[in-house]
Amino acid sequence: MNAAASMKLYGSLASPYVARVAMCAWLKGIDLPMEPAPGGMGSDEFKKTNLTGKIPALMTADGYCITESEVIAEYLEVLFPEPALLPADPLGQAQSRMITRLTDAYIAPHNTPLMRMRDPAGRDQAVVDRQAAEFATGFAIIEHYMGPGPFAVADKPMLADCALAPFIGMLQQTIFPFFDEIPDPTLQGGRLEIWWQALQDHERCQQSIDAYSNALEEFLTRLWARMSQVRG
């Protein structure tokens, strides 16, 4: 892999935003060291390095801190242009960036209100129905703006795939198994199913998705345990 040892990424792979950057680096063959945020995410110590206190944050070779996963991924794309993770044509680039933004705007926000409602006995059905409608709309919009594929916008993985894949992987562990109202779109025979299968058939994509899935599973196991203790 290409060395990027002079840079480091602050974050945890269990975050879909960190996983986005990690998948980008993995597809590019970049060996990008990852460390926990000093003092923890949101801590005063971390804010001395990254004023937002959020992950991921990339420390560049010259000591500059870059925040926001989308910006970090594009920075790596410019710094390490091969293999390209943006299409060569302007429309393809726009499509890739659209899928990334649509993921952040129409998919990412709708997981959080359901996290404490895995148990049907503790559900607010109005909230579930509202979030189900939001997810259905988000998935339909993303499918509409996908390219010919089989990946999100092209015949090979791009930055759009790095953005969308971790969120689908997260929902497969946190939402789809627990809410019949929100079916997994990668199992519905549509464009997202074709896309997801393409990722599984691509060795580096599959390895990246599996690494994120394992990290997320470990994090969720600890989270559910803490939540059970609080309820107890």
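Odds and ends about this structure:
- Residue in region 53-61 that is loosely packed, with under 14 Cβ neighbours inside 10 Å, outside the structural domain of Cys162 (by TED's automatic domain parsing) and free of Cβ contacts under 8 Å to residues at least 40 places away in the same chain present: no
Let's see how each residue does on (1) of a type in the set (Val, Ile, Thr); (2) within 29 Å of Lys28 (Cα to Cα); (3) in a loop (DSSP other than H, G, I, E, B):
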residue	(1), (2), (3)
Glu134	no, no, no
Thr137	yes, no, no
Gly147	no, yes, yes
Asp155	no, yes, yes
Cys162	no, yes, no
Ala165	no, yes, no
Gly169	no, yes, no
Asp180	no, no, yes
Gly189	no, no, yes
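- Looking only at region 198-232, residues that are in contact (Cβ under 8 Å) with a residue 12 or more places away in the chain, assigned to a helix (DSSP H, G or I) and under 20 Å from Arg20 (Cβ atoms) come to 16 in all.
- Within region 98-131, the set of residues being basic (Lys, Arg) and assigned to a helix (DSSP H, G or I) comprises Arg101, Arg130.
- Any chance Ala126 is at pLDDT below 95 and surrounded by fewer than 14 Cβ atoms within 10 Å (Cβ to Cβ): no
- Residue within region 93-104 that is touching a helix residue (DSSP H, G or I) at 6+ places or on another chain (Cβ under 7 Å), under 27 Å from Tyr145 (Cβ atoms), modelled with pLDDT of 95 or more and outside the structural domain of Cys162 (by TED's automatic domain parsing) present: no
The values are calculated or read from the model by the stated rules, or taken from the named source; none is laboratory data. Here the structure is a predicted model, which is why all the values come from computation and not from measurement. Positions of Cβ are generated from backbone atoms using ideal geometry, with glycine treated the same way; all protein chains shown enter the neighbour counts.
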